[in-house]
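Everything on this sheet refers to the single structure shown next.
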Amino acid sequence: MPTNPAKARILLKAGKAKVVSRIPFTIKLTYNSKGYTQPVVAGMDSGSKKIGCAAVGNGKVLYQSEAEIRQDVSAKMKQRAMYRRTRRSRKTRYRPARFDNRRNSLREGRIPPSIRSKLESHFREKKFVESILPVTKWGVELASFDIHKITDPSVSGIEHQNGDQKGFYNLKAYILNRDKHTCQHCKGKSKDPKLHCHHIIFRSQKGTDTPKNLICLCNTCHDALHRGEFQLSVKRSKTKHATEIGIIKSQIKKSDWNFIETFGYETKYKREQMLELPKTHYFDAVSICCNDQKVELEDIFYLKKHVSKGDYQQRTGKDQKRRFQLVNCLG
């Protein structure tokens, strides 16, 4: 529990305590005590890009942080696969085929490494808070997003059941009807009657089967595209992070983490009406910790960035990325 700096210095000089963490500065008693602590409520604002975390005890904010999650896992996996592929091609000795021996991809309940990294970031922040404070109760905001509403803001009510593909036998029939059975590149100038439903982002490059990633091309333009004679413009997905949050939410619920689930509208009401705070991830976490009373705010908050452990270096020396990145911001 919190103590004043003078008492901490006395305990350290007397050898009755040792330093556990320097940021935030935390000490641990080396002798047996009564073990009495006050209730500490911790809250977490889950996310796909950033995580907000806070802890409140005795009517005061004891800890607040905002952690930036890694977004480079997928690119790192592709780079590793490229290095392995080239290394194997350089070796002249026989290597047996591995395509039938990949048990990891066939494992039940498997989630992609990029999502798993983000999920573990949530548990990592939870573990860190519990290592410096005696948390008695957790509150976690598990956001839910309406994908249909994100893609089409005008939809409402019963219209959710009337999607774009309603009335069509399959996805290909919908794409052909949407593009009016006309090649979207040459607009029918090639006079080629054969049409293809082409992936704008190839399946080999993790492209999806969603309608926004499919386009109608005639056979002439389709062959020319694969020969590299022209390229299609790629639109960024609006639902990537919303989909990831849905997966993270379900995985957190399946874990053995004992917490109270909260919702976004509750957090917003507490932050705006009760605490009168601006929109930040760590203030959202503070709002999750509060019930119906105001709390004394802390001037210090911590900005973290979760980074990789480093490469497989074979030489001595420290990788600068391995250093835990923290920034203390005084209000």
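The values are calculated or read from the model by the stated rules, or taken from the named source; none is laboratory data. No experiment lies behind these values; they were computed from the predicted model shown. Note that we place each Cβ from the backbone using ideal geometry, even for glycine, and neighbour counts take in every protein chain shown. The area values use the complete protein model at the heavy-atom level, side chains included, leaving out ligands, DNA and RNA. Shrake-Rupley method; radii C 1.70, N 1.55, O 1.52, S 1.80 Å.
List of remarks:
- Scope the stretch 263-298; condition assigned to a helix (DSSP H, G or I) and loosely packed, with under 15 Cβ neighbours inside 10 Å; matching residues: 264, 265, 266, 268, 269, 272, 273
- Residue in the stretch 182-196 that is outside any loop (DSSP other than H, G, I, E, B) and either out of contact with any helix residue (DSSP H, G or I) (no Cβ under 6 Å at 6 or more places or on another chain) or surrounded by 14 or more Cβ atoms within 10 Å (Cβ to Cβ) (or both) present: yes
- Filtering 330, 303, 326 for residues that are out of contact with any Gly (no Cβ under 6 Å at 6 or more places or on another chain), open to solvent by 30 Å² or more (accessible area, probe 1.4 Å) and modelled with pLDDT of 90 or more leaves a single hit, 303.
- In the stretch 240-271, of all residues being touching a helix residue (DSSP H, G or I) at 6+ places or on another chain (Cβ under 9 Å) and of a type in the set (D, E, K, R), the one that is nearest to residue 137 (Cα to Cα) corresponds to 261.
- Any hit, the stretch 51-68, residues being over 26 Å from the mean Cα position of the chain (by Cα) and not in a loop (DSSP other than H, G, I, E, B): yes
- The stretch 29-40: number of residues that are in contact (Cβ under 8 Å) with a residue 60 or more places away in the chain and in contact with a Gly (Cβ under 7 Å, 6 or more places away or on another chain): 2
- Count - residues of the stretch 6-38 that are outside any strand (DSSP E or B) and open to solvent by 90 Å² or more (accessible area, probe 1.4 Å): 9
- Positions within the stretch 233-262 being open to solvent by 40 Å² or more (accessible area, probe 1.4 Å), modelled with pLDDT under 90 and in a loop (DSSP other than H, G, I, E, B), in sequence order: 233, 234, 235, 236, 237, 238
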